[in-house]
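First up is the structure itself, then whatever we jot down about it.
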Amino acid sequence: MSEFDDAYYHRFYGKDGAHDRERIDHLATAVHHMAAWWGIEIRTVLDVGAGMGFWRDWYRDTHPDVQVRSTDYSAFACRTWGHERRDIATWRPPRSFDLVVCHSVLQYIDDERVIAAIDHLAIATRQLLYLELPTKHDLRHIVDPTGTDLEVHHRTGAWYRRYLQLHFRQIGAGLWAPRAGVPMYELEAAGR
C-alpha cells in the first residue's frame, strides 16, 4: 500500500495526476448543482480522505456558509492541509451531513475494514454521498497508470455494490442517496 506523504501527493495530484484543483472545482460545482436540482440544500459537508483539501476549499470559496468537516487518514495531509486525523474504517461520525464526499479512499482499505467504512459512510450521509473509487475494470481499462496509484485493492464494481446497496441507491455519476432519502424518478436512481 502507498504511503500518503509528500511524494504521494506530488505524484498523483496536480496537472499530471488523477486530480487537480480545476477538475475538483468542476466536479464540486456539478455535485452541488445536482443536489439543488433534487431540492437538497447543502448546509453541511463531510469530506473523508480530504487530501489537499480541494472540496473544502471549493465550498469555502463558493459557499462560505456551508460547514465543512474535512478528515484524512494521512498524518502528512492533516498536518499540511489542516484536516482532522480520522480513519473512516474505525471512526463512526457522530452526526450526519447533507453531503459526504469520499473521493479515492475505499480502494486503500482491506476487505473487512472497508465494509465497516461503508457502514460509517451510511451513518454520516443524510442526503447525498459522492463516491469515487476505481474498480478492477477501471484499473485495467480506464485509468492512466502514470497518474493513478495502482497500489490499491482491486475489487469489482459488483463487490462494492453488494455492500453499498445495503444503505444507498446509486444515482449515477458517483452520487448515491440513502435508501430512505429524497424521492427520485424511477430512472434517476437504480434500485428501490
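Since every read-out is calculated from the coordinates, none of them should be taken as a lab result. Model, not experiment: these values are computed from the prediction. Positions of Cβ are backbone-derived with ideal geometry, glycine not excepted, and every protein chain shown enters the neighbour counts.
A few points about this structure:
- Inside the range 126-177, residues that are among the small types (Gly, Ala, Ser), closer than 25 Å to ASP20 by Cβ and crowded, with 17+ Cβ neighbours inside 10 Å make up a count of 1.
- Looking across the range 69-92, the residues that are surrounded by fewer than 19 Cβ atoms within 10 Å (Cβ to Cβ) and not acidic (Asp, Glu) come down to ALA75, PHE76, CYS78, ARG79, THR80, TRP81, GLY82, ARG85, THR90, TRP91, ARG92.
- One residue alone among ALA35, ALA77, ALA28 is closer than 20 Å to GLY172 by Cα and more than 13 Å from the chain's Cα centre (by Cα), and that residue is ALA35.
- Taking (1) acidic (Asp, Glu); (2) out of contact with any Cys (no Cβ under 8 Å at 6 or more places or on another chain); (3) surrounded by fewer than 18 Cβ atoms within 10 Å (Cβ to Cβ) in turn, ASP98 satisfies each apart from (3).
- Among the residues making up the range 54-79, those that are in contact (Cβ under 8 Å) with a residue 12 or more places away in the chain, of a type outside the set (A, V, I, L, M, F, W, C) and farther than 16 Å from HIS103 by Cα are THR62, HIS63, ASP65, GLN67.
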